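The values are calculated or read from the model by the stated rules, or taken from the named source; none is laboratory data. Since the structure is predicted, the reported quantities are computational estimates derived from the model, not experimental observations. Positions of Cβ are generated from backbone atoms using ideal geometry, with glycine treated the same way; all protein chains shown enter the neighbour counts. Each accessible area value is taken on the protein alone, full model and side chains, heavy atoms only, with ligands, DNA and RNA left out. Shrake-Rupley method; radii C 1.70, N 1.55, O 1.52, S 1.80 Å.
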Amino acid sequence: MVSNFSIRFLPLLLLTACQSTPPRSIAIQQSWELQVGHQVGDYSISSGLGDITLELGGDAIHMPFDGRLQPMENGCVALTSSEVPAYLFRLCGLHRAAEGVRPQGHTIGRAEQLVFAALRKQPDGTWTLVEPATDLIEQFLLE
């Protein structure tokens, strides 16, 4: 049995539940040159400010220099090299990534979307995200 109280206040409860809160606005204090809609080579950037996502459409990614590819969490791989010892490059979205020591120019794998991050080793041994140079990303895209 429905009480008189429930019938009177049900429309008020429904009205309150349907009201939305205003969108939250967050100011970003850092801006990167690589932004959504920009191009790197023939590929467009679909996300930026941290990980950079490139729309590759299944194209290949290559070793920009001699280095080692190691598995990471979430199916990503890490590229390290004695040529750039203070940096680690995280590549996500690769199909069947070639792990192990690989020479410059070797095909790492293919990706519909490549999620790329450059990390620099800090004096305390931790890693921090840094904006990668466009010409560095292009080296991963060239044979």
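Within the stretch 73-94, which residues are of a type in the set (A, V, I, L, M) and either part of a loop (DSSP other than H, G, I, E, B) or in contact with a Ser or Thr (Cβ under 8 Å, 6 or more places away or on another chain) (or both)? Talk me through it step by step, then tell me what you get.
First, the residues of the stretch 73-94 that are of a type in the set (A, V, I, L, M): 77-79, 84, 86, 88, 91, 94.
Across the stretch 73-94, the qualifying residues are V84, A86, L88, L94.
Is it true that some residue in the stretch 123-132 is open to solvent by 20 Å² or more (accessible area, probe 1.4 Å) and at pLDDT 90 or above?
Within the stretch 123-132, the first condition is being open to solvent by 20 Å² or more (accessible area, probe 1.4 Å), and the residues that meet it are 123-131.
Applying the additional criterion that residues be at pLDDT 90 or above yields 123-124.
Looking for residues that are open to solvent by 20 Å² or more (accessible area, probe 1.4 Å) and at pLDDT 90 or above, one finds at least one in the stretch 123-132, hence yes.
Just so you know, in the stretch 98-122 the residues that are open to solvent by 30 Å² or more (accessible area, probe 1.4 Å) and assigned to a loop (DSSP other than H, G, I, E, B) include one that is farthest from P71 (Cα to Cα), and it is Q122.
Please specify each residue of the stretch 133-143 satisfying the condition of being open to solvent by 70 Å² or more (accessible area, probe 1.4 Å) and part of a loop (DSSP other than H, G, I, E, B). Before the answer, list the steps.
So the first thing to find is which residues in the stretch 133-143 are open to solvent by 70 Å² or more (accessible area, probe 1.4 Å), and the list is 135, 139, 142-143.
Answer for the stretch 133-143, where residues must be open to solvent by 70 Å² or more (accessible area, probe 1.4 Å) and part of a loop (DSSP other than H, G, I, E, B): L142, E143.
The C-beta contact set for the stretch 67-81 (first residue surrounded by 20 or more Cβ atoms within 10 Å (Cβ to Cβ), second residue in a strand (DSSP E or B) and among the aromatic types (F, W, Y), distance under 6 angstrom, 6+ apart or interchain) comprises L79/F89.
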